[in-house]
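Working notes, beginning with the structure itself.
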Amino acid sequence: MVTPKFRRVILKLSGEALAGQKGYGIDPDVVNSIARQIKDIIELRVQLAIVVGGGNIWRGISGSTKGMDRATADYMGMLATVINSLALQDALEKHDVDTRVQTAIEMRAVAESYIRRRAIRHMEKGRVVIFAAGTGNPYFSTDTTAALRAAEIEAEIILMAKQVDGVYEADPLKNRNARKFDELSYIEVLNRGLQVMDSTAVSLCMDNQIPLLVFNLNEEGNIKRAILGERIGTFVGGELND
């Protein structure tokens, strides 16, 4: 059996990633592809937690720019992440991956409340834990949730699954000549204003020395490659250990 480079990991999935080519809602084929990849890494005895965004259903910041109360819009976004988390849980369990959803907002009828020690215990038993409803507070993104939960559970790395194959100096979909970075420091990300995570999340990762790996989710098998330490995407936080 191959040996994974990382043993405890946070996987950050955007809500848009679950929509696939549809751009809105949940694409079952995409969710099943993600579930298959996660099953592969669980078989390597990697302890995995997932943070899912909700942008395929609702983005709080978009609602607030159109006159909605920002806190209300953000709470709606948190509920969207719960919908995505339940869809991902269903797909994982159809692939025989034992999964628990923990929410930052109490809703006992559909998920457990977030308890740090319980989440770690689930992971130690080989269960995937999906953290839903963000931090439970408005004005904080799911990127910040990923950074916060990674610090709390002592994850070794955050895997940022994107629709592009790394971090570029400009949008590669608009500028074909945009340069891709293989490695970046936290400070470079902040100073350049690169869209890896929001600044709060990057600062939290920097303060707690939690590295990030930004990679393309659309290429099946990339989650496993990232876990094995292959040089894919863009590494943020320092040099990769050989």
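All of the numbers you see were taken from the coordinates with simple rules; none came from a lab. Given the structure is predicted, the values throughout are model-derived calculations rather than measurements. Cβ atoms come from the backbone with ideal geometry, glycine included; neighbour counts cover every protein chain shown.
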Inset, instruction - Run the numbers on region 116-242 and let me know its relative contact order in percent, using alpha-carbon pairs under 8 Å that are six or more apart. - result: 29 percent
Inset, instruction - For a label point 7 Å from the Cα of Asp207 along Cα→C-beta, name the residues of region 117-136 whose backbone N is under 19 Å from it. - result: 134-136
Legend entry - Mean Cβ neighbour count within 10 Å, used as a protection proxy, ranking 148-158, 66-76 highest first: 148-158, 66-76
Legend entry - region 1-41-region 177-207 distance, computed between alpha-carbon centres (Å): 22 Å
Inset, instruction - Run the dipole for region 1-86 about the Cα centre, Lys and Arg Cβ at +1, Asp and Glu Cβ at -1, nothing else charged, and hand back the magnitude in debye, nearest 20. - result: 320 debye
Legend entry - Span-like helix ranges in the chain, DSSP H, alpha carbon extent 15 angstrom or more, Kyte mean at least -0.5: 28-42, 70-94, 142-153
Inset, instruction - Pop a pseudo-label 7 angstrom from the Cα along the beta-carbon direction at both Arg231 and Gln195 and give the gap in nm to one decimal. - result: 2.7 nm
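Which value does Rg/Rh take for region 65-192 over its C-alpha atoms, Rh per Kirkwood?
Rg/Rh for region 65-192 comes to 1.02.
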Inset, instruction - Give me the percent of Cα-Cα pairs in the chain that sit more than 23 Å apart, rounded to a whole number. - result: 46 percent
Inset, instruction - Over all directions, average the projected area of the Cα convex hull of region 155-213 and note it in nm². - result: 4.1 nm²
Inset, instruction - Report, for region 8-236, the % of DSSP beta bridges that are antiparallel, rounded to 5. - result: 15 percent
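Any idea what the relative contact order of the chain is, in percent, if you count C-alpha pairs under 8 Å spaced at least 6 apart?
Once normalised by length, the contact order is 22 percent.
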Inset, instruction - Provide the gained length on full extension for the span Glu219 to Ile115, in nm with one decimal, where the gain is 0.36 nm per separating residue minus the Cα-Cα distance. - result: 34.1 nm
Legend entry - Charged-residue dipole, Cβ positions (Lys, Arg, Asp, Glu), region 132-242 about Cα centre, Debye nearest 20: 400 debye
Legend entry - Two-site label geometry, Asp96 and Thr3: point separation in nm, points 7 Å out along Cα→Cβ: 2.8 nm
Inset, instruction - Give me the distance in nm between label points sitting 7 Å out from Cα along the Cα-to-Cβ direction at Lys66 and Glu106, one decimal. - result: 3.3 nm
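Measure up Lys39/Lys174; Lys66/Lys180; Lys12/Lys125; Lys66/Lys94; Lys5/Lys162 against 29 Å on the Cα-Cα distance and list the ones that go over.
Lys39/Lys174; Lys66/Lys180; Lys66/Lys94
So, R0 is 22 Å and r is the distance between the beta-carbons of Glu156 and Lys39; what FRET efficiency does that work out to, to 0.05?
0.60
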